[in-house]
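Report on the following structure.
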Amino acid sequence: MKIAVLGATGTVGRALTPLLAQQNDVLALSRRPPKDASGLRWATADATDGAALRKAFAGIDVAYYLVHSLGSRDFEERDRLAAETVAQEAERAGLRQLVYLGGLGDQSPQLSRHLRS
């Protein structure tokens with residue numbers, strides 16, 4: 001199976017990507033190239049860049065979305081735009097599955113801005 005992992009340099013991505021690569025053809029994606037490529041196939045792409053995603057998703061069956069924009073002042077807007085762009089490009093590329101890592105929450109005003117977003 002051909003798998004793309006968006007957010008491959010993050011905490012979850014660094015752990016998941018090598019495991020997936022044991023039995024699959026994996027393309028690791030991140031905004032910035034990693035310091036250590038660890039023998040994986042890498043591409044640089046921002047999750048809001050439709051053209052870069054279109055190129056990365058060519059021939060991909062499944063994508064894992066492990067992206068967040070915490071640390072930027074407007075992370076809610078950036079996260080929404082990234083998720084919409086990835087979903088559109090995944091559909092355009094005909095991916096069989098898009099696995100989205102999100103947070104659990106409700107509509108409580110006590111939730112953090114991150115969980116509310």
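The values are calculated or read from the model by the stated rules, or taken from the named source; none is laboratory data. Quick caveat: nothing in here was measured; it's all calculated off a predicted structure. Don't worry about glycine lacking a Cβ; one is built from the backbone with ideal geometry, like all the others, and counts go over all protein chains shown. The area values use the complete protein model at the heavy-atom level, side chains included, leaving out ligands, DNA and RNA. Shrake-Rupley method; radii C 1.70, N 1.55, O 1.52, S 1.80 Å.
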* Check S38 against each of (1) within 13 Å of the chain's Cα centre (by Cα); (2) at pLDDT below 90 and name the one condition it does not meet. => (1)
* **From the options A51, A83, A45, A56, residue that is open to solvent by 50 Å² or more (accessible area, probe 1.4 Å) and either more than 19 Å from G102 (Cβ to Cβ) or free of Cβ contacts under 8 Å to residues at least 60 places away in the same chain (or both)** => A51
* To do: Working only within the range 2-42, note down all residues that are in contact with a Gly (Cβ under 7 Å, 6 or more places away or on another chain) and either of a type in the set (S, T, N, Q) or exposed (fewer than 15 other Cβ atoms within 10 Å of the Cβ) (or both).
  => S30
* The listed residue being open to solvent by 80 Å² or more (accessible area, probe 1.4 Å) and modelled with pLDDT of 75 or more, out of R116, R96 -> R96
* Output the number of the condition that A90 fails; it satisfies all remaining conditions of (1) of a type in the set (A, V, I, L, M, F, W, C); (2) at pLDDT below 70; (3) not in a loop (DSSP other than H, G, I, E, B). => (2)
* Top-ranked residue in the range 59-74 [being surrounded by 13 or more Cβ atoms within 10 Å (Cβ to Cβ) and within 14 Å of G10 (Cβ to Cβ); ranked as modelled with the highest pLDDT] -> Y64
